[in-house]
Every structure is written in C-alpha cells, then in structure tokens.
Amino acid sequence: MNTPTSGKWAASLFLLLLFFSCKQEQDVYGINDLTILPVNSEKDKPKTSSQYISILHTNLFQRAISPNRMLEALRAIESIGDKQIAYDILVSKYMNDGDVVLPSEEEMREDVEEFIRETYKRFLVRSPTEAELTWMRNFINSRPNVTPELVYFAFATSNEHFHY
C-alpha cells in the first residue's frame, strides 16, 4: 500500500511537523545593570573642623553653636596633634554638659526602633538600612548597659559622621 503519492504526503507531513514542532524558547528579561554601593558611599568629602563642630553641637544641643564656643572648640582641636583623639575629647566634653539634649534610657528602651531611626537621621542624615536597624536593635536589646549617651558617642565619632 505504499504508493508514490502517500510517500510524498508522508514526507510533506514529516516536514510540516518538523517545521512547526517544539522550539526552544528563549526567555528575555528586562534587567538593567545596577551598580550597588554601600549606603554611605556618596559621603566622600571630609568635613572641616568647623563644619564638624557646628554639626556636632547642633546634633547634641539642638541649637546652633555660639561664635565664642566655636572658637574655643577650634582652638582645642588644633592644639592636639591627633585629630581623632581631639574629636573624641570634644564629644565627651559635650556629653558631660548639662544642656545636652539626650533621650532618657527609658525612652530609648520603650521604642528602640524609633530611637535608632531618629539617631540615624540626627547624626548621619539618612535612614538605616534593614540590616543596620536589625543589628542595632539586637545590640541595644541584648545589652542592658547600653545608654543613649553611648549610642550618641558612637555615632558622633563614626567615620560616616566625619563626611558629607
């Protein structure tokens, strides 16, 4: 029953099936290249001593520094060879001032997440990432000796706080 017509028809059917058979699909996704940088990577310009002192004073006292107090702080910074130690001493001096505006430890522990968010905004002028928020929350909650003063000192002397 093999006739020449049926052979041509079978060959045509085979070619048709071969032509319209399964083809490998190629998935195309609209993905753009993205450069991922650390959160503080755009802060690459160091603050001058007067900028740092002015911002530090405003962060800790919630008011601008007076010209006399600025001059006194600048002289103290310039009189010490190691600038980092000079800044640490200045922050410590400010923390011991009775006019410094710090939340109480009860306020900090009452809403740790809000305390962390406000501290980041106050000192680093940004919101914390989820990883930073989680780490700080765990750090504060697991250490009963951590006070707002210690947290503020850490932020005021951090590398990111020295840059804008």
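What to note about this one:
- Gaussian network model of the chain, springs between alpha carbon atoms under 10 Å - residue of Thr147, Thr134, Thr35 with greatest fluctuation: Thr35
- Scalar couplings 3J(HN,Hα) for the range 84-99, obtained by applying the Karplus form with A = 6.51, B = -1.76, C = 1.60 to θ = phi - 60°, are 4, 5, 4, 5, 4, 5, 4, 4, 4, 4, 5, 5, 8, 6, x, 8 Hz; x denotes Gly and Pro.
- Count, lysine Cα pairs under 17 Å in the chain, 8 or more residues apart or across chains: 4
- J(HN,Hα) series, the range 142-148, from Karplus relation 6.51 cos²θ - 1.76 cosθ + 1.60, nearest Hz, glycine and proline x: 8, 10, x, 8, 6, 10, x
- q = 0.16, 0.20, 0.30 Å⁻¹, the range 48-101: log10 I(q)/I(0) [Debye, one scatterer per Cα]: -0.41, -0.65, -1.38
- Shown here: the range 102-158, whose C-alpha atoms stretch 25, 21, 17 Å along the first, second and third principal axes, sorted largest to smallest.
- When the Cα gyration tensor is reduced to axis lengths a ≥ b ≥ c, the ratio a/c is 1.5 or higher for the range 75-136, and with a/b not above b/c it is classed as oblate.
- Range of Cα positions in the chain per principal axis (Å), largest first: 112, 36, 25
- Separation of the Glu72 and Thr129 label points, Cα + 7 Å toward Cβ, nm: 4.1 nm
- Based on C-alpha pairs under 8 angstrom that are at least 6 apart in sequence, the range 31-164 has a relative contact order of 33 percent.
- Counting beta carbons within 10 Å around each of Asp27, Asp44 and listing the fewest first gives the order Asp27, Asp44.
- Amide H contacts under 5 Å for His163, placed H, 5+ residues apart: Lys47
- Expected 222 nm ellipticity per residue - DSSP helices of 4 or more, -39500 (n - 2.57), all of the chain, to 500: -18500 deg cm²/dmol
Readers should treat all values here as calculations from the given coordinates under stated rules, not as data from a laboratory. Just so it is clear, the structure is predicted and the values come from calculations on it, not from any experiment. Glycine also receives a Cβ, built like all others from the backbone with ideal geometry; neighbour counts cover every protein chain displayed.
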